Amino acid sequence: MTDSTPNLQSQSPKGPDRKTLANAIRALSMDAVQRANSGHPGMPMGMADIAEVLWNDFLRHNPADPQWWDRDRFVLSNGHGSMLHYSLLHLSGYDLGIADLQAFRQLHSRTAGHPEYGETPGVETTTGPLGQGLANGVGMALAEKLLAARFNRDDISLFDHHTYVFLGDGCLMEGISHEVCSLAGTLGLGKLICLYDDNNISIDGEVEGWFTDNTPERFRAYGWHVIDQVDGHDPEQISQAIEQAQAVTDRPSLLCCQTIIGYGAPNKQGTEATHGAPLGDEEIAAARQQLDWPYAPFEIPAEVYQGWDAKARGQLQQEQWQQRWADYQQRYPDAAEELHRRMHGTLPKNWQQHCRDALQQAQNDMAKVATRKASQMALETLAPLLPELVGGSADLAGSNNTIWSGSVDVNVDAAGGNYVYYGVREFGMTAIGNGLALHGGVLPYVATFLVFSDYARNAVRMSALLPAQVIHVYTHDSIGLGEDGPTHQPVEHVASLRLIPGLSVWRPCDAVETLQAWIAAIEHAQRPSALVLTRQNLPPQQRDAEQLSAIARGAYVLHEPDSQAQALIIATGSEVQLAMSAAAQLATAGVAVRVVSMPNAQVFAAQDAAYQEAVLPAAISARVAVEAGVSDGWYRWVGSHGRVVGVDRFGASAPADELFREYGLTGERVAAAVRECLGD
C-alpha cells in the first residue's frame, strides 16, 4: 500500500505559469550572488525549470517536518549551485526566510556557499566536493532499499520514497562517479533518479576540450535506465522523463537534461561567464527584462509564493503515512519498536550491561590475536544486538575481517542483507557510507587497508564535517604488515587521520581495547570513528577493573612501577608491547617507568585537566612515545625534551619482525630512549 495522493500542479488556471515559478529561482539566485559578490548563478538559472517540475509535481516532502522518515531525499551534488537549493527551500515553505537568502555566503548565516547538513533545514547532506553528493545519494537509496526489505509488509509500506540527485559535468568527471554509479547499477537501486545538468560548460569553458564521454552509453553499460536528450527547459518533457524513471523500479535512472547555463541572462547565458561569478548589475537588469520579472531584488509576489507553497500537500502526504505507521505499530509491534529505536539512533535497553560483561569476558580470555581478528570478535559480540549495523569492505573482506556469522549479502535479488561487497572502490564506499548514515535507520561500517584511506580521504573528511556516524575500519596498520612493502605500509596515515577535526581515531593494543573501540564508535552518535588495526598477533595486557573502565577515556596507566615513576612511556597499538618490554628491562636496572596506553589521543585530549594530570603528571618530564608511524604529532605529549621512537621514512619489503628490528621498533631501543631522557 503506497501513498495514493495525486501529483498536484504548482499553479491554478489563474495562478502563475511554470516559467514564472521557475523565474523566481533565477531571480533569487542572481540577486543573492550579486549581493554576496560571490557565488554561482549559472547552474541555478539553468536548472530552474527542472527543479520547478520536480519539486512541485513529484517530490514528496513536508516543509513543516524535514525529518519525516518516508520523505523523498533531494541531493544537490553540484553543490556550488546552492542558491538553487536555498531558493527551493524558501519558496516551498521551509524555515528559511528571505533574510537568510540575503545573508548568502556570510558569517553565521544558514545559507553557506555550499549546502551544509545540519545548518539549513531541508538540506540532506553537505555537498560541494563534486561527485560526493551523488555517492551520498546512492547510499540513501541503498538505505531505503534495505529498510523497505526489513520493515515493509504486504499490507503496509513504510518505506517507499525516491532519492533524487541533481548533478553536473563536474560530478561525472570525478572518478568517484564511476565507482558509485557502477555499484548502483549492480545493486539495482530503482528508487534512485539522477537528473544530469548537461550544459556543456565547466569553469574553464566548453567541455568539448576535456570531456567527450558518451555519458548515456556509459550509464547504460552500468545497467542504468537512461533517458537522453531531455529538453531541460521544457516542463512537459521533464515531467514525462521523471514519470518514466519512476516506472522503472529495477534500475537506477539517469535523465540527461540539456540546459543553458545562466538561462535568462541575455549576454552571458551559455558561457562560463555565468558559472562562478556574479552577473553584474547591468546583466541582471537585462535578465529581469528578458525573463519578464519586473520585481525588485528579493521581492517575490504573493501569488508566486502561493504557487510554490508545499506545506498543505506535504502535511497531507505525511498524515497519510502517519496513519500507516499507527496501523503498523498495532499489527507489528516488535518490528515497530525496532524501527523506532533505529530511526532515533538509540541503543538497545540492555546495551550497557552487555558491553560491561563483554569487556570483562574479553579481559578474562587473554587471547593473543591480531586486532583485525579482535575486531571480528567484537562484531560477533555486539552485532547481534544491532540489526542496524550494515558492513562492507573494498574487496578485502577476508583481510579486514569484517564479516561475522550473522552477515547476509546485499545484492540485487536480496535487499534484506546487512553486508555490502563494495569491490575495489574505497572512495565510493566511504561516501556511500556517509549517505547510509545520513538516511537514518542504518549504522554503517566500511573497511579497507589503512594505506588506502588516502583513496577515501575526502569522504572520510566529509564524515567528520557533516558529521555522520560511520565506522571506518582500517587494517594492516603499519610496516608490521611485512612483505607487501612500502606501497602497502602506512607510515603517515594514522597521524593524518588524527588531524581531521571530529574524527575519533582508535589504535588498540589488544582484544580488550579493540572491543572498547567498537563500543565507543557505536555509542558516539553523530560522530565518525576510525579503528586502526594490526595484521600481526599481539599479546594481551593485564588490567584490573579500574583500568578496564579507563580505556574509554582514551589513555590510562597500564603499568605502574613498584616505586615512584622516574619516567613514562606512551604507546599505542602494536607498540604497547614494546613499551611494556622496555619498562621491564629498565626495572631490572633500577629505573622505575610508568607505561601509558593511549588508544585514542583525541578522546584523552578531551578529558578534564585533573584526569590528564593523573595519567601524565607534569612532574615526570622524562617521557618517550613509541608508535610505528611518523613522530611529529607525539611531541604534544612528550614535550620538546622528550623522545619519540617512530618511523619517519617509508617502509620496505620484508617479514614484519625483521622490519621492526631494522627500524628500531624494539624494547631495547625504547629503553635506550628513556635513558637518554634521564641523562644516562
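The set of residues in segment 168-219 being touching a strand residue (DSSP E or B) at 6+ places or on another chain (Cβ under 6 Å), closer than 18 Å to residue 260 by Cβ and crowded, with 24+ Cβ neighbours inside 10 Å consists of 168, 195, 196, 197.
Any chance segment 56-71 includes a residue that's in contact (Cβ under 8 Å) with a residue 40 or more places away in the chain, part of a helix (DSSP H, G or I), open to solvent by 10 Å² or more (accessible area, probe 1.4 Å) and farther than 20 Å from residue 193 by Cβ? The answer is no; no qualifying residue exists.
Among residues that are in contact with a helix residue (DSSP H, G or I) (Cβ under 7 Å, 6 or more places away or on another chain) and under 19 Å from residue 531 (Cβ atoms), residue 400 is included.
Every test in (1) open to solvent by 20 Å² or more (accessible area, probe 1.4 Å); (2) at positive phi is passed by residue 440 save one, and that test is (1). Considering 660, 604, 650, the condition of being under 32 Å from the mean Cα position of the chain (by Cα), aromatic (Phe, Trp, Tyr) and under 19 Å from residue 534 (Cα atoms) is satisfied by 650 alone.
Within segment 276-295, being touching a residue at least 60 places away in the same chain (Cβ under 8 Å) and either of a type in the set (Asp, Glu) or open to solvent by 60 Å² or more (accessible area, probe 1.4 Å) (or both) holds for 281, 292, 295. Residue 160: touching a Ser or Thr at 6+ places or on another chain (Cβ under 7 Å), acidic (Asp, Glu) and open to solvent by 20 Å² or more (accessible area, probe 1.4 Å), yes or no? Taking the combined requirement at face value, the residue satisfies it.
Restricting attention to segment 221-235, the residues that are of a type in the set (A, V, I, L, M, F, W, C), within 31 Å of the chain's Cα centre (by Cα) and part of a strand (DSSP E or B) total 2.
For segment 296-353, taking the residues that are within 30 Å of residue 31 (Cα to Cα) and among the β-branched types (Val, Ile, Thr), the one that is least open to solvent (accessible area, probe 1.4 Å) is identified as 304. Whether a residue is more than 27 Å from residue 342 (Cβ to Cβ), open to solvent by 10 Å² or more (accessible area, probe 1.4 Å) and at pLDDT 95 or above was assessed, and residue 461 does not pass this test.
Would you check if residue 273 is closer than 30 Å to residue 19 by Cα, hydrophobic (A, V, I, L, M, F, W, C) and either assigned to a helix (DSSP H, G or I) or free of Cβ contacts under 8 Å to residues at least 12 places away in the same chain (or both)? Yes; evaluated as a whole, the condition is true for this residue. Counting the residues of segment 19-53 that are assigned to a helix (DSSP H, G or I) and either surrounded by fewer than 24 Cβ atoms within 10 Å (Cβ to Cβ) or in contact with a His (Cβ under 6 Å, 6 or more places away or on another chain) (or both) gives 7. All conditions in (1) on the phi > 0 side of the Ramachandran plot; (2) open to solvent by less than 20 Å² (accessible area, probe 1.4 Å); (3) out of contact with any helix residue (DSSP H, G or I) (no Cβ under 7 Å at 6 or more places or on another chain) hold for residue 600, with the sole exception of (1).
Output the number of residues of segment 595-613 satisfying the condition of being assigned to a helix (DSSP H, G or I) and without any contact (Cβ under 8 Å) to a residue 40 or more places away in the chain. Spell out the reasoning first.
Step one: list which residues in segment 595-613 are assigned to a helix (DSSP H, G or I), which gives 601-605, 609-613.
Still in the list and also without any contact (Cβ under 8 Å) to a residue 40 or more places away in the chain: 609-610, 612-613.
Total satisfying the criteria: 4.
Name the single residue that is most open to solvent (accessible area, probe 1.4 Å) among those in segment 137-157 being among the small types (Gly, Ala, Ser) and part of a helix (DSSP H, G or I). That would be 149. Exactly one residue among 49, 57 is farther than 21 Å from residue 171 by Cα and of a type outside the set (S, T, N, Q), and that residue is 57.
In segment 472-495, the residues that are without any contact (Cβ under 8 Å) to a residue 60 or more places away in the chain and under 17 Å from residue 509 (Cα atoms) reach residues that are of a type in the set (Phe, Trp, Tyr) and open to solvent by 10 Å² or more (accessible area, probe 1.4 Å) with C-beta atoms within less than 8 angstrom, at least six apart or across chains, in these pairs: 474/449.
The values are calculated or read from the model by the stated rules, or taken from the named source; none is laboratory data. Bear in mind the structure is a predicted one, so any value in this text is a computation, not a measurement. Glycine also receives a Cβ, built like all others from the backbone with ideal geometry; neighbour counts cover every protein chain displayed. Surface areas here come from the heavy atoms of the whole protein model, side chains and all, with no ligands, DNA or RNA. Shrake-Rupley method; radii C 1.70, N 1.55, O 1.52, S 1.80 Å.
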